[in-house]
1. Could we say that residue 67 is at positive phi, within 16 Å of the ligand (Cβ to nearest atom) and either buried (at least 16 other Cβ atoms within 10 Å of the Cβ) or modelled with pLDDT of 95 or more (or both) here?
2. Residue check: is residue 94 in contact with an Asp or Glu (Cβ under 6 Å, 6 or more places away or on another chain) and not in a helix (DSSP H, G or I)?
3. For region 113-131, which residues satisfy the criterion of being surrounded by fewer than 16 Cβ atoms within 10 Å (Cβ to Cβ) and in contact (Cβ under 8 Å) with a residue 12 or more places away in the chain?
4. Against the definition (surrounded by fewer than 20 Cβ atoms within 10 Å (Cβ to Cβ), in a loop (DSSP other than H, G, I, E, B) and within 16 Å of the ligand (Cβ to nearest atom)), how does residue 108 come out, yes or no?
5. Out of the residues in region 117-153 meeting the condition of being in a strand (DSSP E or B) and under 28 Å from residue 107 (Cα atoms), tell me which one is farthest from the chain's Cα centre (by Cα).
6. Please work out if residue 111 is at pLDDT 95 or above and either of a type in the set (Ser, Thr, Tyr) or over 30 Å from residue 20 (Cβ atoms) (or both).
7. Any idea which of (1) within 20 Å of residue 154 (Cβ to Cβ); (2) modelled with pLDDT under 95 is the one residue 72 doesn't satisfy?
Amino acid sequence: MTRAAGRLLSGARSAFAGWAPVAAHATGAELLEAVRPVLERRCAAKEAETVARWHDALGQNIKASAGWGPTVEAASDGRVDLLLYESRANQALERCSACGRIQFVDGGCQLDSAELERCDDGIDLVLHRTLEFGGTVLPVVQDGLADAGGIGALLRY
Ligand SMILES: [Zn+2]
């Protein structure tokens, strides 16, 4: 019981985003308006922290990918732990008609040589593939992925 309460408290502590001054008789809409900037600051801070972690991993050449080619390959192999992408990022990709593998380059599936079909909304394929393998995704609003063509990932291995 005490340990459960401790876990709850710790969970509540990590979910705490900040303070917002609100009048005691505030309506729901006013409450929402008051906490919105607090939550937006918290989201922006978490995003910046994650992009910095990705940059560090890239710099040390460990478990990270940048750009469409390496990130698509990692997503296809189920290696993406966290996908980072700019909301406007997109790229035509090839999808294997036999096994569903996605590729950046044309010319037959790298696994089974089956025919590939071109898909214009490549970002959707990468998102699906990442989630399918249990990874998570983070749309990035700040300008941290420009050098990578708007896409990158922290990898499992
Ligand atoms: Zn295939």
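The values are calculated or read from the model by the stated rules, or taken from the named source; none is laboratory data. Treat the numbers as computed from the prediction; the structure is a model and nothing was measured. Note that we place each Cβ from the backbone using ideal geometry, even for glycine, and neighbour counts take in every protein chain shown.
1. Spelling it out, it is not the case that residue 67 is at positive phi, within 16 Å of the ligand (Cβ to nearest atom) and either buried (at least 16 other Cβ atoms within 10 Å of the Cβ) or modelled with pLDDT of 95 or more (or both).
2. yes
3. 114, 115, 117, 118, 119, 120, 121
4. For residue 108, the condition - surrounded by fewer than 20 Cβ atoms within 10 Å (Cβ to Cβ), in a loop (DSSP other than H, G, I, E, B) and within 16 Å of the ligand (Cβ to nearest atom) - is met.
5. Going residue by residue through region 117-153, those that are in a strand (DSSP E or B) are 117-119, 136-140, 151-153.
Subset that is under 28 Å from residue 107 (Cα atoms): 117-119, 151-153.
Numbers: 117: 25, 118: 23, 119: 21, 151: 9, 152: 9, 153: 7 Å.
Only one residue fits best here, namely 117.
6. Here the answer is no, as residue 111 does not meet what is asked.
7. Looking at each condition in turn, residue 72 falls short on (2).
For every residue, the table says whether it meets (1) in contact with an Asp or Glu (Cβ under 7 Å, 6 or more places away or on another chain); (2) at pLDDT 95 or above; (3) over 16 Å from residue 75 (Cα atoms); (4) among the polar types (S, T, N, Q).
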{"residue": "107", "(1), (2), (3), (4)": "no, no, yes, no"}
{"residue": "121", "(1), (2), (3), (4)": "no, yes, no, no"}
{"residue": "142", "(1), (2), (3), (4)": "yes, no, yes, yes"}
{"residue": "152", "(1), (2), (3), (4)": "no, yes, no, no"}
